[in-house]
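A quick write-up on the structure given underneath.
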Amino acid sequence: MASLFVDAVRDVHVRYIKNIGACGPFAVITVDFEPLPDGVTEFDFVNLVDEADLPPEFAEAVADGIRRELLGDVDYEWEKPLPQAGPDALAVQVALTDARWHEVDSGERGFRRAGRLAVRTALGQGDALD
């Protein structure tokens, strides 16, 4: 099975910002998806954002969220995984090209969720998670 991404999808912009009382998760990312050649099934994540602009643990959370979404792992019982999800879906290179974070409101959970939403957005299913 080939990648979920037949063509490159660039500049996928996700804002995961929730106001739940005084504060809430704040994660803004821009990513590019590029299909890998047939036969290559490993997930490749490249962080192009300088560590001074985004803490490394947030970039790792983005990668984890994307990987989990592609594999079909769900965070909550009411979520439905992508129908095409599975190990073969990992045949993609993802580049994190831009990100914004907030000193108080940002955390790994928000960036993990933004990564998951980036996959759905790139595949035209952006509202399927929240």
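The values are calculated or read from the model by the stated rules, or taken from the named source; none is laboratory data. Just so you know, these numbers come straight off a predicted model, no measurement behind them. All Cβ positions, glycine included, derive from the backbone under ideal geometry; neighbour counts span all protein chains shown.
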Considering region 84-105, residues that are buried (at least 22 other Cβ atoms within 10 Å of the Cβ) and out of contact with any helix residue (DSSP H, G or I) (no Cβ under 6 Å at 6 or more places or on another chain), and then whichever is nearest to residue 15 (Cα to Cα), we arrive at 99
field: Condition check for residue 77: outside any helix (DSSP H, G or I) and either closer than 26 Å to residue 19 by Cα or at pLDDT below 95 (or both)
entry: yes
Flagged in region 80-123 as assigned to a helix (DSSP H, G or I), more than 13 Å from residue 29 (Cα to Cα) and of a type in the set (Gly, Ala, Ser), in numbering order, are 89
